[in-house]
């Protein structure tokens, strides 16, 4: 059985939704960030980065949200959350997952933790610049969702859950992801999925805005 070390609405959210969507057996272990449990010796022995999430799969212990999602897809191909090997959609799957993980997510981290990127006490300019940068990224994604139900191909993939997670993080933007024509409708559709509703209920996440 898998064990996912998580904290509500952190980067563990995407793997949590993927596990639920797959219908595989797993257990959750809360890592209380408010008490900085991710920095304790016990947790650091599992994940030396001191970050969330961590997945335990038998003797395998791994971190990084996107890597965990890919690992789960390869172990459970019957779930259909990753396109077939060598297909055009497989290439697009990698493109979008890496874009979300390596471009959008890091920019969001600068927005949420601007103090880590300056020696000045004035972080307002950084947050403003980052919001503008990420807003442009969501506008780009919105344009790519025109006429589409899912981000890759015609069926649900891990990329959709990863995008849902990042979009929710940006709910407080002046123009939140729900404010876009195509992206907003897409997010509302995903919010109705059983896995999203179940995980959100489990983690105490309010989905009222998506109704």
**the range 24-48, subset exposed (fewer than 12 other Cβ atoms within 10 Å of the Cβ) and under 22 Å from residue 70 (Cβ atoms), residue nearest to the chain's Cα centre (by Cα)** = 27
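How many residues does the range 182-196 hold that are in contact with a helix residue (DSSP H, G or I) (Cβ under 7 Å, 6 or more places away or on another chain) and either free of Cβ contacts under 8 Å to residues at least 60 places away in the same chain or part of a loop (DSSP other than H, G, I, E, B) (or both)?
Quick first cut of the range 182-196, residues in contact with a helix residue (DSSP H, G or I) (Cβ under 7 Å, 6 or more places away or on another chain) only: 182-184, 187-188, 190-191, 195-196.
Among the residues that remain, those that are also either free of Cβ contacts under 8 Å to residues at least 60 places away in the same chain or part of a loop (DSSP other than H, G, I, E, B) (or both) are: 182-184, 187-188, 190-191.
The number of residues fulfilling the criteria is 7.
Mind listing whichever residues of the range 155-187 are under 23 Å from residue 92 (Cα atoms) and surrounded by fewer than 19 Cβ atoms within 10 Å (Cβ to Cβ)? First the steps, then the outcome.
First, the residues of the range 155-187 that are under 23 Å from residue 92 (Cα atoms): 155-168, 177, 180-187.
Within the range 155-187, 155, 181, 182, 184, 185 meet the criteria.
Being assigned by TED's automatic domain parsing to the domain that holds residue 194, surrounded by 12 or more Cβ atoms within 10 Å (Cβ to Cβ) and touching a residue at least 12 places away in the same chain (Cβ under 8 Å): is that true of residue 123 here? Show your work before the answer.
On the way: assigned by TED's automatic domain parsing to the domain that holds residue 194: yes; surrounded by 12 or more Cβ atoms within 10 Å (Cβ to Cβ): yes; touching a residue at least 12 places away in the same chain (Cβ under 8 Å): no.
Against the criterion (assigned by TED's automatic domain parsing to the domain that holds residue 194, surrounded by 12 or more Cβ atoms within 10 Å (Cβ to Cβ) and touching a residue at least 12 places away in the same chain (Cβ under 8 Å)), residue 123 does not qualify.
The values are calculated or read from the model by the stated rules, or taken from the named source; none is laboratory data. For clarity, every value in this text was computed on a predicted model and none was experimentally measured. Backbone-built Cβ (ideal geometry, glycine too); neighbour counts: all protein chains shown.
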